[in-house]
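Mind having a look at this structure? Questions to follow.
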Amino acid sequence: MSNYRRWRVSGGVFFFTIVTSTRTPLFLNEENRRFLRESFQHVRSLDQFELPAMVLLPDHLHMLMQLPPGDTDYSRRVRQIKTLFTKRLSELNETRKGVSMSRKSRGEHNVWQRRFYEHTVRDEDDFQRCADYIHVNPVKHRLVARVSDWKWSSFHQWVAEGYYNLDWGTGSDWFGDEFKKFE
């Protein structure tokens, strides 16, 4: 098993990008979105964590995950979410169809890219920058013209809590170099 260098911060907040295999738009399907939501709920019931911000796009998701004090194992949670979702999906159809020899040898399915992007949030400014990137992502990908038009996002909760105005993030100034590192 690979030993990736990860910055482990007890009770830390982490930004993630998790992508489907070959960028398959699995999350256009309502049932798949429900499977993913149930996978998150199940893992949260076993291993507590908070999701301060999240967006679900057709072929990937971005999220901020905060671990409880004394805990550093975000990898286990991400792995469990991906595994549960894959199992639910495989109950309905053949997820191993067209699987490469490399994936077959590892017993993998054609659902997720093998790894995920992780960034340790350093401070409040970094947290806000990550949350802004998460929420503006549907506009960046030209899925909607306004952030408020995308319903699979924590943006609406942030508006309700007073962190954003409903028309926040509709300008083109969101696609500068500071967000390139999250792609």
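Looking for something small (Gly, Ala, Ser), crowded, with 17+ Cβ neighbours inside 10 Å and over 29 Å from residue 159 (Cβ atoms) - is there at least one such residue anywhere in the stretch 1-9?
Applying the first criterion (small (Gly, Ala, Ser)) to the stretch 1-9 yields 2.
Remaining after also requiring crowded, with 17+ Cβ neighbours inside 10 Å: none.
Checked against the condition, which is being small (Gly, Ala, Ser), crowded, with 17+ Cβ neighbours inside 10 Å and over 29 Å from residue 159 (Cβ atoms), the stretch 1-9 yields no hits at all.
Can you tell me which residue within the stretch 27-40, out of those that are open to solvent by 20 Å² or more (accessible area, probe 1.4 Å) and in a helix (DSSP H, G or I), is farthest from residue 84 (Cα to Cα)? Give the derivation first.
The initial filter retains those residues of the stretch 27-40 that are open to solvent by 20 Å² or more (accessible area, probe 1.4 Å), namely 28-31, 33-34, 37-38.
Cutting the leftovers down to in a helix (DSSP H, G or I) gives us 28, 30-31, 33-34, 37-38.
Working: 28: 19, 30: 17, 31: 14, 33: 13, 34: 12, 37: 10, 38: 9 Å.
This residue is 28.
Check whether at least one residue in the stretch 74-83 is modelled with pLDDT of 95 or more, in a loop (DSSP other than H, G, I, E, B), at negative phi and surrounded by fewer than 19 Cβ atoms within 10 Å (Cβ to Cβ), and report yes or no.
Checked the stretch 74-83: no residue is modelled with pLDDT of 95 or more, in a loop (DSSP other than H, G, I, E, B), at negative phi and surrounded by fewer than 19 Cβ atoms within 10 Å (Cβ to Cβ).
Out of the stretch 124-137, which residues are among the aromatic types (Phe, Trp, Tyr) and surrounded by 18 or more Cβ atoms within 10 Å (Cβ to Cβ)?
If we filter the stretch 124-137 for residues that are among the aromatic types (Phe, Trp, Tyr), which is where we start, we get 127, 133.
Across the stretch 124-137, the qualifying residue is only 133.
Considering only the stretch 41-55, state which residues are buried (at least 20 other Cβ atoms within 10 Å of the Cβ) and more than 18 Å from residue 9 (Cβ to Cβ).
If the condition is that a residue be buried (at least 20 other Cβ atoms within 10 Å of the Cβ) and more than 18 Å from residue 9 (Cβ to Cβ), then 43, 54, 55 are the ones that fit.
Inside the stretch 138-183, can you point out the residues that are modelled with pLDDT under 90, open to solvent by less than 30 Å² (accessible area, probe 1.4 Å) and under 23 Å from residue 117 (Cα atoms)?
Matches in the stretch 138-183: 179, 182.
The values are calculated or read from the model by the stated rules, or taken from the named source; none is laboratory data. Computed from a prediction, not measured in an experiment: that's the story for all the values here. When we count neighbours, we look across all protein chains shown, and the Cβ atoms used for this are built from the backbone with ideal geometry, even at glycine. Keep in mind that these areas ignore ligands, DNA and RNA; they rest on the heavy atoms of the full protein, side chains included. Shrake-Rupley method; radii C 1.70, N 1.55, O 1.52, S 1.80 Å.
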